[in-house]
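*Asks:* Mind having a look at this structure? Questions to follow.
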Amino acid sequence: MDQLSKKIVSEYTTFPEKVLQFGTGNFLRGFTDWQIHVMNKKNLFNGQVVVVQSTKKGAVDTINEQDGLYTLYLQGIKENKPVSEHEIIDSISRGINITNQYDDYLKLAENPDLRFIVSNTTEAGIQYREEDLLTDRPQKSFPGKLTAFLYKRYQAFQGDKNKGFIIFPCELIEDNGNELKKIVFAYADAWNLESGFSQWVEEANTFCNTLVDRIVPGYPKDSIQEKTEELGYIDQLMVVGEQFHLFVIEGPSFIKEEFPAEQAGLYVHVVDDLSSYRLKKVRILNGAHTAMTPVAYLCGVNTVCEAVTSDLTKQFVEKVIYEEIIPTLPFSDEDLSQFAEDVLNRFKNPFIHHYLSSISLNSVSKFQARILPTLVDYIERFGELPKATVFSLSALLYFYKGKRGDESITLVDDESTLHLFTECWSLYADNIQKLALTILSNEKLWGTNLSKIPHLTESVATQLKTINQYGMTEALTQFLQQKGEKNESVY
């Protein structure tokens, strides 16, 4: 059986490279790259994506082997019916490994057709690293790489205001475009770049805050043989996603003309303020994902669908959403209940095998962005700790012990984060109170000193001791059986 490539595809259209994409992962291929494919089919965009791999591990080699082609399966509820459909996506032109093709990367800045920059480097990706230098090949941080690229663009076109970019960072942090822009200016200052460059960045480029929403589990390892037989070719980049999608872009209205996704019938909205969209989505959908992951995974559950259909973990997820997340949000009960119901139905999608191990990547930064605001808001509103959220935090600390029974957990996070947890579990396995205090007080992890929240350390330590002694299933059972007990007051 042949591998997917141009050789076995009868119809393939080549367009100018208009989009620079940071990230080779499943999400962007199942989201923005698919949107560009749809627009191209309707002759509305007529551009392709060049993908940059900025980490040691990535899919660039396979992308080039398959001529940028991959199959996208969209599975879920469509017009109230379960639907599974697939299509070859041809919006990617090629991939570049920035580690060993840095000159090719900078050469892209000279392409006059290039207009958009898209990124998805996880919540931990948009950060300033003072060790980054303009002369590095490449810089370590994504914003550092981007600043070097923008500077090359500025030089190549001598500051032409018509050669700036529309930038869509898709990382799930609040004000992602604004934050990325701030860091670009910080590098421009640290690298002593001329004032004309900063002026060009400000006036010629549009950094958009964005909200992205589509569940993209990625490569269907559990059904790849069946799908390969159905397709009749081998596709190492196959991606599975749900039918639902939403892309909200906070930016000027001219973006609608240059990125005509809404005209193509896609659920893409260019708005003046996306805060209401973001708050519901990040708190409820992403918050539930992050809260359930360590709890359900340590109970022996492997997918989101299992987590919201297995009785024990289902109770926990619903408790988090309805009793702790929703009461902190400033929207009508009807609106929030409907949104939560839609989210849970999406989680139950029978076609999607969304592995908790995939959601667990960079869990600490995800907790900080998605759940910590709920914790803080709940305390401010009710004057007590949200029990299920605290239980999830305790489960997260245990998850980073790296063991599920006799099975080792492959933890993926910042090296310093992994080192801290490894050290703490090595030193304080017999002193859970000390372990909890050390981790919760680390401001680098959480962006604040969580140990200063009254009774939080004690509550986390108590749950952590139970999990450590009895295992997650028994600890969760005991937790859910606690009826009518008043939460720990923080006042």
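Quick note: the coordinates plus some simple rules give every number you see, no bench work behind them. Please read all numbers here as calculations on a predicted model, not as lab measurements. Note that we place each Cβ from the backbone using ideal geometry, even for glycine, and neighbour counts take in every protein chain shown.
*Asks:* Grab the DSSP H runs of the chain that are 4 residues or longer, score each as -39,500 (n - 2.57), total them, divide by all residues and round the 222 nm result to the nearest 500 deg cm²/dmol.
*Replies:* -12500 deg cm²/dmol
*Asks:* Additional query: If I take R0 = 45 Å and measure r between the Cβ atoms of E257 and N431 in this structure, what FRET efficiency does the formula 1/(1 + (r/R0)^6) give, to the nearest 0.05?
*Replies:* Efficiency, from the Cβ-Cβ distance: 0.15.
*Asks:* Does region 6-271 come out rounded, prolate or oblate by the C-alpha gyration tensor, with a ≥ b ≥ c the root eigenvalues, rounded set by a/c under 1.5 and, if not, prolate when a/b is larger than b/c and oblate if not?
*Replies:* Verdict is prolate for region 6-271.
*Asks:* Can you compute the charge dipole magnitude of region 6-271 about its Cα centre, using +1 on each Lys and Arg Cβ and -1 on each Asp and Glu Cβ, nothing else charged? Give it in debye, rounded to the nearest 20.
*Replies:* The calculation lands at about 320 debye.
*Asks:* About the Cα centre, and with charges only on the beta carbon of Lys, Arg (+1) and Asp, Glu (-1), how big is the dipole of the chain? Nearest 20 debye, please.
*Replies:* 340 debye
*Asks:* Please identify the chymotrypsin sites (Phe, Trp or Tyr not before Pro) of region 274-351 that satisfy two criteria: DSSP loop assignment and at most 15 other Cβ atoms within 10 Å. Which are they?
*Replies:* F331
*Asks:* Taking square-rooted eigenvalues a ≥ b ≥ c of the alpha carbon gyration tensor, is the chain rounded, prolate or oblate, where a/c under 1.5 means rounded and, failing that, a/b exceeding b/c means prolate?
*Replies:* Cα axes put the chain in the prolate bin.
*Asks:* Right, here's the next one. Under a Cβ-Cβ cut-off of 11 Å, what is the net charge of the residues other than K227 that fall near it, where Lys and Arg count +1 and Asp and Glu count -1?
*Replies:* Result for the local shell: -4.
*Asks:* Taking other Cβ within 10 Å of each residue's Cβ, how do S54, S253 sort, fewest first?
*Replies:* Final ranking by Cβ density, sparse to dense: S253, S54.
*Asks:* If you take the square roots of the eigenvalues of the alpha-carbon gyration tensor of region 121-210 and sort them as a ≥ b ≥ c, do you get rounded (a/c under 1.5), prolate (a/b over b/c) or oblate?
*Replies:* Note, shape of region 121-210 comes out oblate.
*Asks:* Excluding M292 itself, what net charge comes from residues whose Cβ is under 11 Å from its Cβ, given Lys and Arg +1 and Asp and Glu -1?
*Replies:* The answer is 0.
*Asks:* Let me check I've understood the local charge: for K107, count other residues with C-beta under 12 angstrom from its C-beta, Lys and Arg +1, Asp and Glu -1. What total comes out?
*Replies:* Its environment carries a net charge of -2.
*Asks:* Oh, and also: Can you list the trypsin sites (Lys or Arg not before Pro) in region 23-105 that are in a DSSP coil and have 15 or fewer other beta carbons within 10 angstrom?
*Replies:* K42, K56, K57
*Asks:* Structure shown: which of K6/K280; K56/K181; K56/K314 lie over 32 Å apart, alpha-carbon to alpha-carbon?
*Replies:* Beyond 32 Å: K6/K280; K56/K314.
*Asks:* Spelling out what I want: for every residue of region 195-212, take phi, set θ = phi - 60°, compute 6.51 cos²θ - 1.76 cosθ + 1.60 (Karplus), and round to whole Hz; glycine and proline get x.
*Replies:* Result, ordered by residue: 4, x, 5, 4, 5, 5, 4, 5, 8, 9, 10, 10, 8, 9, 6, 9, 10, 10 Hz.
*Asks:* Something else about it: Which GluC sites (Glu not before Pro) in region 27-116 sit in a loop by DSSP (not H, G, I, E or B) and have at most 10 other Cβ atoms within 10 Å of their own Cβ?
*Replies:* E79
*Asks:* Each label point is 7 Å from the Cα along the Cα-to-Cβ direction; what then is the distance between the points at T422 and D273, in nm?
*Replies:* Between T422 and D273, the simple spin-label model gives 4.7 nm.
*Asks:* If R0 is 25 Å, what FRET efficiency do you get for L133 and N100 from their C-beta distance, rounded to 0.05?
*Replies:* Rounded to the nearest 0.05, the efficiency is 0.85.
*Asks:* Just going by the charge dipole of the chain, with Lys and Arg at +1 and Asp and Glu at -1 on Cβ, which of L28, L237, Y398 is farthest out on the positive end?
*Replies:* Value: Y398.
*Asks:* Mind checking the angle between helix 32-41 and the chain's longest principal axis? C-alpha axes, 0 to 90 degrees, to the nearest 10.
*Replies:* Computed tilt is about 40 degrees.
*Asks:* Only Lys, Arg, Asp and Glu count, each charged at its Cβ (+1, +1, -1, -1), so figure out the dipole size of region 82-144 about its Cα centre, rounded to 20 debye.
*Replies:* Rounded to the nearest 20 debye, it is 120 debye.
*Asks:* How high is the relative contact order of the chain, in percent, with contacts defined as C-alpha pairs under 8 Å that are six or more residues apart?
*Replies:* Relative contact order, the chain: 13 percent.
*Asks:* Pairs K401/K452; K41/K152; K182/K444; K18/K107; K348/K444: which exceed 25 Å Cα-Cα?
*Replies:* Pairs exceeding 25 Å: K41/K152; K348/K444.
*Asks:* What percent do you get for the relative contact order of region 275-480 when only Cα pairs under 8 Å and 6+ apart count?
*Replies:* Computed value for region 275-480: 24 percent relative contact order.
*Asks:* Want the number for E226 to Y12: 0.36 nm per residue separation, take away the alpha-carbon distance, what's left?
*Replies:* Net length gain for the segment: 74.5 nm.
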